[in-house]
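The values are calculated or read from the model by the stated rules, or taken from the named source; none is laboratory data. Keep in mind the model is a prediction, meaning the values are calculated, not measured. When we count neighbours, we look across all protein chains shown, and the Cβ atoms used for this are built from the backbone with ideal geometry, even at glycine.
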Amino acid sequence: MNENTIETILRQSPRVRTPSGLLEKLTNDIQLPERSATTCPTHMETNRPSSNGLRRWLPALGFALWFLGCIVVFGIQANRIAELREQRHALESSKAASVQQALAADTLRATAEGELERLKQELADVQRLRAEMEQLRADAQELTTLKAQNQQLHEELRSQTAPPPKPEEDFFALATMRAERTRCVNSLKRLGLAARIWVNDKKGDFMPDRATLKAALPTIIMGRENPMHFEESLLFCPSDGVTSYEIVSPSSSEDRPETIFSRCPIHNIYGLCDGSVQQIDPKQFEMVKKDGVWILQKR
Amino acid sequence: MSEHVEALIERAKSGELPAASELLSQFYARIFGYFRRLCGSDEDAADLTQKTFCKVWNSLARFDGRSSFNTWLHSIAHHVYVDWRRQRTRLDLQTDDWWETCVTDEPGPLENITGQENARRLYALVEQLDEEQRETVHLHYYQELTIQETADALGIATSTVKYRVRQAIDLLKSRMAEPKLRAGGIP
């Protein structure tokens, strides 16, 4: 079916039958305007323009009223906004001031708290020192008491026990001293013998210093095979083990046998260059330098 | 607009009841047919026709003749129908039976069986168009208004009327080319 046929059919659509009585009903409902318009045409002509004019300007008037209302509302809101801004500025300034006051108060409070803390610490230290002082006083008093008791006990003990023997009467002490002196003599003899062997080997004078003697002793005494087994205690007095023998006349010659080569400062024992060892009484002999060497001379 | 109608209008404006009655008798059947095709009910169509002519008589004084009386009348009828349709929860559409009755009862050029069948189907398809196209088709084809008169009655541009008419014809053409037993409406 083409478009023309469709349009033709549509244009020739069937007519609709009107119900009976509709025309009468509609006729009865006719309500036309009053004839006053015709009877008084001048009145209608004079009234119509004003009515039409009002109707024509009604939208503009409505818009104008609405616009005025908007302006009033806008003005009120602008005033309100300005007031709120001023209030906000005032609140902000007061807030800033309060914040600064709070900060200052915090600083003062922190300082005061620090001072208080320091004072508390110092008070605690003072109290601790006082307690320690009291304790020390008590200890001192107790010490005095103990000293007194100790003294008393000493006295009691002294009264109850026999007095200790005098050193010169003590047999064991005398034997020990004698044995140490004998060992000291032996050591000085060995040193003198070693020095003489060294002189013979070197075909010259005695050792120039203690270091040379110390270096030569192991080979001389222990032999060339096992010098490591040399005991350095030979260079020290056996009574205490720490007092070393003195090399009195280093680089002395065999030509003067009375020259003192070594000496024990504890026992006053002298080793001479001839290899002999002399134990002398200091009250009777003294060591003097003569012709550049040290010798023993009677007082 | 014929001079006779103009004279009747002027007389009715001046309050002459016979002139108004004559105007009514000339146009009420067209308006009733318009409503009857759109509403699908004789009672609703009668009510809407009554409302339309009430508005006509009330606003007759403001009719200034810028459009024809027929166009002005259809414009009022269109607004009455739109108001009525807004108040309705459901739109009653004409059934094929109603159109069948109309086509069968009315004598016309569709005398052969195939032509009547196609006409019934076409009228039913018109009722399945969307509301704007349907009203445009009703005014332009069924009420025999021109494009300009239809545009004035609907309050739209003539180009819009032409566009709607073109759309409606194309849709009807395509639907008519489809098999007859199609059950669904026009999308």
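Restrict the check to the stretch A:141-163 and report whether at least one residue is outside any helix (DSSP H, G or I) and closer than 30 Å to A:ILE269 by Cα. Among the residues of the stretch A:141-163, not one is outside any helix (DSSP H, G or I) and closer than 30 Å to A:ILE269 by Cα, which makes the answer no. Within the stretch A:225-239, does at least one residue satisfy the condition of being over 53 Å from the mean Cα position of the chain (by Cα), in a loop (DSSP other than H, G, I, E, B) and closer than 25 Å to A:GLU286 by Cα? No, the stretch A:225-239 contains no residue that is over 53 Å from the mean Cα position of the chain (by Cα), in a loop (DSSP other than H, G, I, E, B) and closer than 25 Å to A:GLU286 by Cα.
Candidates A:THR219, A:THR182: the one that is in a helix (DSSP H, G or I), among the β-branched types (Val, Ile, Thr), over 26 Å from A:HIS267 (Cβ atoms) and assigned by TED's automatic domain parsing to the domain that holds A:GLN278 is A:THR219.
The combined condition, being within 23 Å of B:VAL126 (Cα to Cα) and in contact (Cβ under 8 Å) with a residue 24 or more places away in the chain, is not fulfilled by B:PHE27. Of the helices (runs of 4 or more DSSP H) contained entirely in the stretch B:96-137, those carrying at least 2 residues that are at pLDDT below 85 fall at B:96-105, B:113-127. Restricting attention to the stretch A:245-264, the residues being in contact with a strand residue (DSSP E or B) (Cβ under 7 Å, 6 or more places away or on another chain) and without any contact (Cβ under 8 Å) to a residue 24 or more places away in the chain number 2. Scanning the stretch B:35-51 for residues that are more than 10 Å from chain A (Cβ to nearest Cβ) and either over 25 Å from B:THR146 (Cα atoms) or exposed (fewer than 15 other Cβ atoms within 10 Å of the Cβ) (or both) returns B:SER41, B:ASP44, B:ASP47.
Determine which single condition A:ASN200 fails, assuming it passes every other condition in (1) assigned to a strand (DSSP E or B); (2) over 27 Å from A:GLN297 (Cβ atoms); (3) of a type outside the set (Gly, Ala, Ser). Of the numbered conditions (1) assigned to a strand (DSSP E or B); (2) over 27 Å from A:GLN297 (Cβ atoms); (3) of a type outside the set (Gly, Ala, Ser), the odd one out for A:ASN200 is (1). Counting only residues that are assigned to a strand (DSSP E or B) and among the polar types (S, T, N, Q), which one in the stretch A:257-299 is farthest from A:TRP198 (Cα to Cα)? Among those residues, the one meeting the criterion is A:GLN297.
Taking the conditions (1) more than 9 Å from chain A (Cβ to nearest Cβ); (2) closer than 14 Å to A:THR27 by Cα; (3) within 15 Å of the chain's Cα centre (by Cα) in turn, B:GLN26 satisfies each one other than (3).
Residues that are in contact (Cβ under 8 Å) with a residue 12 or more places away in the chain, part of a helix (DSSP H, G or I), of a type outside the set (Gly, Ala, Ser) and within 14 Å of chain A (Cβ to nearest Cβ) within the stretch B:52-75 comprise B:THR52, B:PHE53, B:LYS55, B:VAL56, B:TRP57, B:LEU60, B:LEU73, listed in sequence order.
Of all the listed residues (A:GLY53, A:GLY62, A:GLY69, A:GLY75), the sole one being away from chain B (no Cβ under 14 Å), modelled with pLDDT under 85, surrounded by 10 or more Cβ atoms within 10 Å (Cβ to Cβ) and over 23 Å from B:VAL56 (Cβ atoms) is A:GLY53.
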